[in-house]
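Below is one structure, written out as structure tokens; the observations come after it.
The values are calculated or read from the model by the stated rules, or taken from the named source; none is laboratory data. What you are looking at is a predicted structure, and each value in this text was computed from that prediction instead of being measured. Positions of Cβ are generated from backbone atoms using ideal geometry, with glycine treated the same way; all protein chains shown enter the neighbour counts.
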Amino acid sequence: MLTLSSIPMSSPDLTDAEIAAVNQVLQTPVLSIGPQITAFEQELASRAGTRHAVGVNSGTSGLHLCVIAAGVGDGDLVLTPSFSFIASANCILYERGVPVFIDVDPATGNINPALVAEAADDLSRGGKAAERWLPRAVRDGGRPVGQLKALLPVHAFGQPADVDPMLSVARSHGLAVIEDACEAIGATYKGRNAGSLGDAAVFAFYPNKQVTTGEGGMIVTNHDAWADIFRSLRNQGRDVFDAWLNHTRLGYNYRMDELSAALGLAQIKRLDELLAKRAQVAQWYDERLADIELVERPFIAATTTRMSWFVYVVRIKPPASRDEVLARLADVGVPSRPYFTPIHLQPFYQRQFGYQRGDLPVTEYLGDVSLALPFSGVMREEQVDYVCAQLRHSLER
Ligand SMILES: *Cc1c(COP(=O)(O)O)cnc(C)c1O
């Protein structure tokens, strides 16, 4: 039993069905590459509405394999938001690509499609027009500039990015579209499933996600050839392939084990229930925060036909200070987190690419004011009450 003074930041939503499913696997000798992952993949592909689903051991490894499939190599450019979890940009670096960070829509925090169109035009034109989009270190000749290869939008907080305009940019410039759908399982965009919108997409199953496998991820795609590449690369580059793949590169051990797959399968069968419970908690928050002037609640775009609530992130409006509110909440036992901390301001990115504060004003503003409140599908109404009362109190002082 959780007490009010020990509200966790997040919590998985597990039942006897999940425990039984994992126990059942333990009674067999097959703990990897067995029937569970196949069943989990089929169930997920059918839910996402894609031809293929390929299980991997994390969302990050899934994104890495997508970046490989998109042909990103040395110095190649990928347009992506900085207002995200760091994995969505790190996967570009694994292939020595260059993340070109595009600022976000101030309402949703998702990548701004008008800026994506402008950047793609300028970058394919090259020269002076291209330069203003490039990270300082690349612009100044620190590294060779490759080709613009892909768009990697992130569905932040479980809300789909506005992908339609980006799909037409991708078509006219011959770019791959990789959806980071790690936070958006079950969400829909204009009635279409997140994960089915681009060339490939990745869902993630860390314990704070809507669906968990402990650690794990799933790539979905409609391209037969990409699915083959993913299956080979997750398994050390093994597998029998058509001749065109015989020269393949290095593979990895990115396999998902049977225990995780069994857990995921039991969870995904409960997807609608899991999302409904999270939506209820979000609604409790919405109702209680509606009249607090210094708190801005999450904005849901008209293109979002189904929200998949991953986190509940408010904005603490100036002159109130997000950091002070966070500290005051911590004093009364309420955990909260700045979310997201912009990727381009992470020390490693500043060092390697020369990004600076001022480069992405909307992203930086959101990074300064956004605060994730405790959130999960198992949160009780009185816990939401307590968090909101404490938040209100922290702003009155
Ligand atoms: C969770 C998440 C990932 C992947 O995380 P893993 O911990 O590797 O499973 C990637 N991108 C975003 C935006 C995420 O929230």
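Points worth noting:
- Options Ile178, Ile185; residue that is in contact with a Lys or Arg (Cβ under 8 Å, 6 or more places away or on another chain) and surrounded by 20 or more Cβ atoms within 10 Å (Cβ to Cβ): Ile185
- Checklist (1) near the ligand (Cβ under 10 Å from one of its atoms); (2) crowded, with 24+ Cβ neighbours inside 10 Å; (3) under 14 Å from the mean Cα position of the chain (by Cα) applied to Asn208, failing item: (2)
- Single residue of Val334, Val325, Val378 found to be touching a residue at least 24 places away in the same chain (Cβ under 8 Å), assigned by TED's automatic domain parsing to the domain that holds Ile300, among the β-branched types (Val, Ile, Thr) and not in a loop (DSSP other than H, G, I, E, B): Val325
- Checklist (1) in a helix (DSSP H, G or I); (2) in contact with a helix residue (DSSP H, G or I) (Cβ under 8 Å, 6 or more places away or on another chain); (3) among the small types (Gly, Ala, Ser); (4) within 14 Å of the ligand (Cβ to nearest atom) applied to Ser61, failing item: (2)
- Of all residues making up region 72-101, the number that are over 21 Å from Val163 (Cα atoms) and either acidic (Asp, Glu) or surrounded by fewer than 22 Cβ atoms within 10 Å (Cβ to Cβ) (or both): 9
- Total residues in region 64-110 satisfying the condition of being more than 16 Å from the ligand (Cβ to nearest atom) and either under 13 Å from Phe340 (Cβ atoms) or outside the structural domain of Gln159 (by TED's automatic domain parsing) (or both): the figure is 0.
- Consider region 38-58 and keep the residues that are within 16 Å of the ligand (Cβ to nearest atom) and more than 13 Å from Phe230 (Cβ to Cβ). The one that is farthest from the chain's Cα centre (by Cα) is Phe40.
- Pairs are defined by a Cβ separation below 6 Å, a sequence spacing of at least 6 or placement on different chains, a first member in region 40-63 that is within 12 Å of Glu215 (Cβ to Cβ), and a second member that is β-branched (Val, Ile, Thr); the pairs so defined are Gly55/Ile37; Gly59/Val202; Gly62/Val56; Gly62/Val202; Gly62/Ile219.
- Every pair of residues 6+ apart whose Cβ atoms lie under 6 Å, when the first sits in region 351-365 and is closer than 14 Å to Val100 by Cβ while the second is assigned to a helix (DSSP H, G or I) and of a type in the set (Lys, Arg): Gly354/Arg136
- Of all residues assigned to region 122-133, none qualifies as being within 16 Å of the ligand (Cβ to nearest atom) and either buried (at least 17 other Cβ atoms within 10 Å of the Cβ) or more than 27 Å from Leu274 (Cα to Cα) (or both).
- Sub-6 Å Cβ pairs linking a first residue in region 76-96 that is under 19 Å from Phe157 (Cα atoms) and assigned to a loop (DSSP other than H, G, I, E, B) to a second residue that is within 9 Å of the ligand (Cβ to nearest atom) and of a type in the set (D, E, K, R), at least 6 apart or interchain, number zero.
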